[in-house]
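Note sheet for the following structure.
The values are calculated or read from the model by the stated rules, or taken from the named source; none is laboratory data. Being a predicted model, the structure only gives us computed values, none of them experimental. Cβ coordinates were reconstructed from backbone atoms using ideal geometry, including for glycine residues, and neighbour counts include every protein chain displayed.
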Amino acid sequence: MSRAHTDTIRRYLKCLHATDVPGLVDCFEPEGVVHSPFLGTMKARDFFPKLAGASTQSVITPIDLFESVKADGAVHRVAAYFRYDWTLKDGKVVTFTCVDVFEFQGGSERIASMSIVYDTHPLREEVGDKYA
């Protein structure tokens, strides 16, 4: 695994844990995007303030990191598997595991795109639309 990519992902997880919006946005390319099951595709600079606005606390417990074995070097992917204890603005705590799949382009240390993967059905039933 690229040391630079690993460092970026570890920094991303720490910033997510701390609800550090500027730090999260800085992990991404200026035009970097997030693909979210709840919110669709958004620029990272728009997504993370919206997430912070729906949250009072995020506790992130890393479980594992996985690296793509694709050898062409043009695109590099790394996935982070973690437990997310998410405290919503109304005080409700939702716990789930998820995988964030990060894509890096052209040797950059910053994230070009991230796809969030988790089972949304139980969460939608439990929390409803907290982004409204």
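Observations, loosely collected:
- Hey, GLY91 on the phi > 0 side of the Ramachandran plot and more than 11 Å from the chain's Cα centre (by Cα) or not: yes
- Residue-level analysis places PHE82 among those that are within 14 Å of LEU13 (Cβ to Cβ), among the aromatic types (Phe, Trp, Tyr) and at pLDDT 95 or above.
- Scanning the range 22-39 for residues that are at pLDDT 90 or above and of a type in the set (S, T, N, Q) turns up at least one hit.
- In the range 102-121, the residues that are in contact with an Asp or Glu (Cβ under 7 Å, 6 or more places away or on another chain), not hydroxyl-bearing (Ser, Thr, Tyr) and not in a strand (DSSP E or B): ARG110
- Tabulated pairs, the range 14-26, first closer than 14 Å to ALA54 by Cα, second modelled with pLDDT of 95 or more, C-beta under 7 angstrom, 6+ apart or interchain: LEU16/LEU24; LEU16/ILE60; VAL21/PHE48; VAL21/PRO49
Residue-by-condition table, conditions (1) closer than 20 Å to ARG3 by Cα; (2) touching a strand residue (DSSP E or B) at 6+ places or on another chain (Cβ under 9 Å); (3) without any contact (Cβ under 8 Å) to a residue 12 or more places away in the chain:
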| position | (1), (2), (3) |
| --- | --- |
| VAL34 | no, yes, no |
| MET42 | no, yes, yes |
| SER68 | yes, yes, yes |
| GLY91 | no, yes, no |
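- Looking only at the range 1-51, and only at residues there that are of a type in the set (Phe, Trp, Tyr) and surrounded by 18 or more Cβ atoms within 10 Å (Cβ to Cβ), the one that is farthest from PRO62 (Cα to Cα): PHE47
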